[in-house]
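Undergrad: Can you read through this structure? Questions will come right after.
Each value in this text was obtained by applying a stated rule to the coordinates, not by laboratory testing. It should be emphasised that the depicted structure is a prediction, and the values quoted were computed from it without experimental measurement. Note that we place each Cβ from the backbone using ideal geometry, even for glycine, and neighbour counts take in every protein chain shown.
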Amino acid sequence: MANLRRHLSGYSFIAPWLVALVLFIGFPFLAGLYFSFCDYPPLKTPVFIGLDNYAELVGDVKFHHSMGVTLLYASAAIPLGVLLAITLAMLLNARVRGQSLYRVIFYIPHLVPTVVVALLWMWIFNPEYGLLNIVLARLFQAADGWTGIFVSLAAAAERQNFFEWPAALLVIAPVLAAISIGPWVPAGLRARPSLHRFMAFAAIVLVVAGSLALVNAALTYADPFDMRKLHAPGWLTDADTVPSFLPYGPSMALWALILMSLWSVGQMAIIYLAKLQDVPGELYEAADIDGANWAQKTWHITIPMISPVILFNVVMAIIGTFQVFAEPYIMTAGGPEDKTRFVAMFVYDNAFLYQRVGYASAVAWVLFIMIVVLTLLAFRLSQKRVYYAGR
Amino acid sequence: MAGENEKKAAWYLRVCVHAILATGALFFLLPLLWMMATSLKPLEETMKYPENAAEVFFGAGHRVVIGGQKYEVVLEREIKPTPAQPFFIVRPKEPFAAGELWLAFGADTWRKFQIFNQQELTQMNAEITPEMNVLADETNRFDPAAGLLTLRSGRKVPATVVRELKPDPQGDLLRLVREWRPEDTDTKDVGATDHEATRAWDVVPERDIEKTIRMIPENYPVALTRVGFVRSLINTLFVCVMCVAGSVVSSVLVAYGFAFLEFRARNLLFGLTVATMMIPFAITMIPVYLLYRELGWIGTFKPLWVTSWFGSAFFIFLLRQFFLGLPKDLLDAARIDGCTELEILWHVVVPLARPAIAMVALFTFLGTWKDFMGPLIYLNHPSQFTLSLSLQAFASEHGGTPWHLLMAASTVFSLPLVILFFATMKTFIKGIAMTGIKG
């Protein structure tokens with residue numbers, strides 16, 4: 001009797017959730033499955049038609065297209081997001097002054113409502129007066145100054161400006177590197193390793209900057225079409241594949257949405273940061289004793305220790321990608337040329353615009369199966385690499 | 001703290017980290033700064049490529065002295081009279097329709113028709129009355145000898161000369177300027193006729209134009225009226241409050257059940273709960289919509305908040321994890337003292353779990369405030385629109401051109417969340433950490 005009462009009191013506590021589980025999750029879930037086998041015209045009863053919806057789906061070019069768009073977006077936005085978030089988290093974990101301010105700044109974009117994000121970025125992507133093109137124009141002006149040195153001296157001559165100070169660094173940097181790293185460094189300097197290492201460090205930074213200029217020059221030479229396009233893209237109105245040599249790739253409009261998604265990466269970074277701060281310090285001390293360098297510590301301690309969070313975030317991101325709706329709905333309405341018609345939008349259009357409930361349900365179920373498969377794949381692929389402490 | 005952090009890194013590495021973080025922070029803040037900058041710009045400044053870095057953020061304004069008084073002005077077109085063919089500012093003696101001029105204006109027409117072009121004026125058939133000034137240029141020809149202004153229709157109207165416009169002796173460009181008023185910021189007023197005030201205009205050489213920065217806080221009231229801010233705010237707050245209350249009450253109850261009570265199939269049910277987090281909204285969207293339609297809830301706020309009173313998987317999960325971390329002895333002690341489960345929940349668990357509960361409230365508020373798809377699907381009358389929906393409706397109704405107003409409304413819409421974040425930072429940061437640790 002007491003046992004029954006205990007059970008009852010338990011069930012009474014979770015009763016609201018049981019209702020939700022049945023009414024708002026279980027029933028719709030299964031009803032959706034049933035509808036996907038039905039023809040369901042608006043305001044009539046569904047008629048069972050077997051696999052017809054799925055058969056139509058296999059041949060529907062528009063569906064393939066929106067699936068392609070979604071997968072392209074996922075394959076670019078998720079890795080970039082994870083990479084950026086981890087980098088950011090590690091930077092935010094470094095011990096420098098004003099760190100709490102930085103953390104707040106990087107988190108703030110997550111607080112901006114979706115509609116505002118969409119409108120704001122629509123404005124930023126404005127081809128004529130948008131902030132991004134204004135900034136890009138300035139940056140490329142500078143970059144072209146460097147590039148001109150390599151691509152065509154004639155261009156530099158036209159500008160009447162042979163001496164570009166950033167380009168001058170390209171000459172200075174290797175010299176500096178040689179001076180600071182080489183064995184001919186005077187013994188007096190070696191006695192002050194801090195200064196010595198700083199010089200080496202500065203040299204590396206300059207070499208990196210130089211190589212970037214070289215890459216820019218090489219790209220401008222090899223693929224002038226894409227590079228010119230980068231100078232003032234139409235962003236949301238541009239349906240061309242970038243980079244153009246890919247037979248199938250993200251359109252400029254999709255890249256714009258990917259770029260926008262990276263803006264709210266701070267939230268993910270903060271989650272990684274929380275996990276980073278949980279990594280026990282002894283591990284690093286032990287690594288120090290073994291003489292591990294920074295890269296080794298990152299690869300063999302930091303990444304494995306936060307790998308469960310990475311997996312979790314990747315899975316959540318996969319689910320999230322299949323729900324991307326508000327941004328393309330507001331910003332591009334699926335255009336240009338359907339290049340941003342995400343699969344969630346496809347479902348929405350079919351269900352609420354064309355009133356094809358049965359077909360939309362079938363699409364939704366295919367989506368669900370894809371999510372499950374991708375998630376399982378993520379788990380399977382990461383099985384050996386994810387480290388669960390204490391398990 | 002991690003061991004790596006115990007010793008300070010070399011100074012140049014710290015400088016480097018600072019530099020990267022500061023640059024990154026700048027790039028992350030730029031969109032928001034630009035949003036606020038745009039919200040304070042005049043309309044015409046948003047439609048212009050900035051001439052310099054300062055103009056990206058601060059809209060340029062101009063001042064000119066007209067008739068001994070300094071006016072904020074808008075620059076209109078350039079005027080190019082020649083010595084052989086000077087232009088005139090004339091005052092017609094008879095009234096005629098503005099549409100009869102090639103490029104019409106008079107003091108009053110400025111006031112009434114801010115977006116001022118031939119087409120609109122013709123459409124509205126504005127009247128030029130004898131007390132207004134008209135510019136007679138190469139298209140609106142004026143014959144000074146006869147004192148006749150030739151209209152587009154060929155009709156000639158007698159007029160008196162106010163001023164003759166010759167090329168500037170110093171070779172400066174002559175420019176048409178008109179008085180600017182803060183109300184200009186509202187693009188809707190085009191064609192409104194209830195304004196009596198007249199507006200000054202003149203033709204001046206460029207050197208007399210003084211350049212300033214023009215910031216217009218008036219954008220904000222205009223934008224808020226246009227978006228229907230008060231109505232939408234009440235709607236949004238209503239939904240938010242109902243959601244927060246529902247989510248907190250139900251999730252705490254259910255999480256307590258899962259954490260401390262024993263009943264059949266508990267673990268199975270909990271596993272199911274966690275699994276439901278995997279189901280995207282798109283899957284259940286259609287049947288749930290049909291369900292609400294059967295219940296007659298479409299076009300009401302109910303679909304937006306009722307479900308939150310039945311708990312949400314994510315918060316149940318978070319709270320249960322938090323509850324399991326509480327000292328069990330306290331609960332056992334309370335149970336021995338003869339407390340009922342509800343009393344234990346209220347007197348023991350809730351006070352201890354306050355940060356976690358605050359987090360649930362905060363995140364629910366955040367999610368509801370930001371929600372767009374829910375209101376889009378379930379609401380259909382503008383009087384019910386939440387802020388998200390009103391803003392989007394305003395944007396799409398104008399094809400996204402009045403960016404200064406859109407950004408002003410956007411700023412106001414985002415501000416509460418930012419303020420809330422700063423006010424509750426501690427809870428927030430703990431909460432974010434909690435969502436991370438469960439991975």
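Undergrad: Search the structure for amide H atoms under 5 Å from the amide H of B:His62, placed 1.01 Å from N in the peptide plane, and list their residues when 5 or more places away or on another chain.
TA: B:Val73, B:Thr212
Undergrad: Once Lys and Arg get +1 and Asp and Glu get -1 on their Cβ, which of A:Phe342, A:Thr321, A:Leu367 lies farthest toward the positive end of the dipole of the stretch A:266-391?
TA: Ranked along the dipole, the leading option is A:Leu367.
Undergrad: So, one more: At A:Val373 and A:Thr237, where each label point lies 7 Å from the Cα along Cα→Cβ, what is the point-to-point distance in nanometres?
TA: Placing both labels 7 Å beyond Cα along the Cβ direction yields 3.9 nm.
Undergrad: Determine the shielding of peptide A:209-216 by partner chains: average, over its residues, the number of Cβ atoms on other chains within 10 angstrom of each Cβ.
TA: 0
Undergrad: Follow-up. Rounding to the nearest 20 debye, state how big the charge dipole of the protein assembly as shown is about its Cα centre with +1 on each Lys and Arg Cβ and -1 on each Asp and Glu Cβ.
TA: Numbers: 64 positive and 63 negative charges, 470 e Å.
Computed about the Cα centre, the dipole is about 2260 debye.
Undergrad: Now for a separate question. Which order results if A:Trp123, B:Trp34, A:Trp294 are arranged by neighbouring Cβ count within 10 Å, fewest first?
TA: On the way: A:Trp123 24, B:Trp34 21, A:Trp294 12.
Taking fewest neighbouring Cβ atoms as first place, the list is A:Trp294, B:Trp34, A:Trp123.
Undergrad: The stretch B:320-379: D in µm²/s via Stokes-Einstein (Kirkwood Rh, Cα pairs, 4 °C, 1.567 mPa s)?
TA: Values: Rh = 13.8 Å.
The calculation lands on 94 µm²/s.
Undergrad: Report the calculated FRET efficiency for B:Lys430 and B:Leu295 (r = Cβ-Cβ distance, R0 = 60 Å), to the nearest 0.05. Could you put the intermediate results ahead of the total?
TA: On the way: r = 38 Å, r/R0 = 0.64.
According to the calculation, E is roughly 0.95.
Undergrad: Looking at chain A as a GNM with Cα springs under 10 Å, which of A:Asp290, A:Asp226, A:Asp52 has the largest mean-square fluctuation?
TA: Looking only at A:Asp290, A:Asp226, A:Asp52, the largest GNM fluctuation is found for A:Asp290.
Undergrad: For the stretch A:346-391, what does the convex hull of the Cα positions come to per residue, in cubic angstrom? Let's see the in-between values first.
TA: Details: hull volume 3.9 nm³, N = 46.
In the stretch A:346-391, the Cα hull volume divided by residue count equals 86 Å³.
Undergrad: What average count of beta carbons from other chains do you get within 10 Å of the Cβ of residues in B:254-264?
TA: Details: counts 7, 3, 3, 10, 4, 1, 2, 9, 5, 10, 4.
Mean shielding count: 5.
Undergrad: Then there is this: Taking 8 Å as the Cα distance limit and 6 or more residues as the minimum spacing, I'd like the relative contact order of the stretch A:293-391 as a percentage. Mind showing how you got there, number by number?
TA: On the way: 63 pairs, mean separation 35.6, N = 99.
Contact order relative to length: 36 percent.
Undergrad: Another question, then. Rg(Cα) of chain A divided by 2.2 N^0.38 Å? Could you put the intermediate results ahead of the total?
TA: Numbers: Rg = 27.3 Å, N = 391, 2.2 N^0.38 = 21.3 Å.
For chain A, the normalised Cα radius of gyration comes out at 1.28.
Undergrad: Could you tally the net charge around B:Phe87, taking each other residue with its Cβ under 13 Å from the Cβ of B:Phe87, Lys/Arg +1 and Asp/Glu -1?
TA: Numbers: positive: B:Arg77, B:Lys80, B:Arg141, B:Arg163, B:Lys166, B:Arg175; negative: B:Glu78, B:Asp137, B:Glu138, B:Asp143, B:Glu164, B:Asp168, B:Asp202.
Surrounding charge for B:Phe87 is -1.
Undergrad: For the stretch B:228-397, what is the Kirkwood hydrodynamic radius in Å, using each pair of distinct C-alpha atoms? Could the numbers behind the result be given before it?
TA: On the way: mean 1/r = 0.0564 Å⁻¹.
After inverting the mean inverse Cα-Cα distance, the result is 17.7 Å.
Undergrad: Evaluate the relative contact order of the stretch B:228-397 (contact order divided by residue number), counting alpha-carbon pairs under 8 angstrom at least 6 apart; express in whole percent. Please report the intermediate quantities before stating the final value.
TA: Numbers: 153 pairs, mean separation 72.7, N = 170.
With pairs under 8 Å counted, the relative contact order is 43 percent.
Undergrad: Fewest Cβ neighbours within 10 Å first, please rank B:Tyr292, A:Tyr102, A:Tyr387, A:Tyr11 accordingly. Show your work: numbers first, answer last.
TA: Working: B:Tyr292 20, A:Tyr102 23, A:Tyr387 12, A:Tyr11 17.
Sorted ascending by nearby Cβ count, the order is A:Tyr387, A:Tyr11, B:Tyr292, A:Tyr102.
Undergrad: Let me ask something additional. Among B:Glu218, B:Glu210, which comes first, then next, by fewest other beta-carbon atoms within 10 Å?
TA: On the way: B:Glu218 17, B:Glu210 12.
So the ranking, lowest neighbour count to highest, is B:Glu210, B:Glu218.
Undergrad: Could you work out the local net charge near B:Leu21, counting Lys and Arg as +1, Asp and Glu as -1, over the other residues with Cβ closer than 14 Å to its Cβ?
TA: On the way: positive: A:Arg95, A:Arg97, A:Arg103, B:Arg14; negative: none.
Result for the neighbourhood of B:Leu21: +4.
Undergrad: Cβ under 15 Å from A:Ser36's Cβ, A:Ser36 left aside: what net charge do those residues give with Lys, Arg +1 and Asp, Glu -1?
TA: Numbers: positive: A:Arg356; negative: A:Asp39, A:Asp52, A:Glu56, A:Asp60.
Within the 15 Å Cβ shell, the charges total -3.
Undergrad: While we're on this one: So for the stretch B:3-46, taking the charge dipole from beta-carbon charges (+1 Lys/Arg, -1 Asp/Glu), which of B:Thr38, B:Phe28, B:His18 sits furthest toward the positive end?
TA: Final value for the positive-end residue is B:His18.
Undergrad: Further question: How high is the relative contact order of chain A, in percent, with contacts defined as C-alpha pairs under 8 Å that are six or more residues apart? Could you put the intermediate results ahead of the total?
TA: On the way: 393 pairs, mean separation 111.2, N = 391.
Once divided by the residue count of chain A, the mean separation gives 28 percent.
Undergrad: If you average 1/r over every pair of different alpha-carbon atoms in the protein assembly as shown and take one over that average, what Kirkwood value in Å do you get? Let's see the in-between values first.
TA: Numbers: mean 1/r = 0.0316 Å⁻¹.
Over the protein assembly as shown, the inverse of the mean reciprocal pair distance is 31.6 Å.
Undergrad: Moving on to the next point. Only helical DSSP H runs with n ≥ 4 go in: add -39500 (n - 2.57) per run for chain B, normalise by residue count and round the 222 nm mean residue ellipticity to 500 deg cm²/dmol.
TA: On the way: 18 runs with 215 residues, N = 439.
When only DSSP H runs of four or more count, the value is -15000 deg cm²/dmol.
Undergrad: Please average, across the residues of B:21-33, the number of beta carbons from any other chain that are within 10 Å of each residue's own beta carbon, and give a whole number.
TA: 6
Undergrad: Between B:Thr212 and A:Ser100, with labels modelled 7 Å along Cα→Cβ, what's the label distance in nm to one decimal, could you check?
TA: Calculated label separation equals 4.2 nm.
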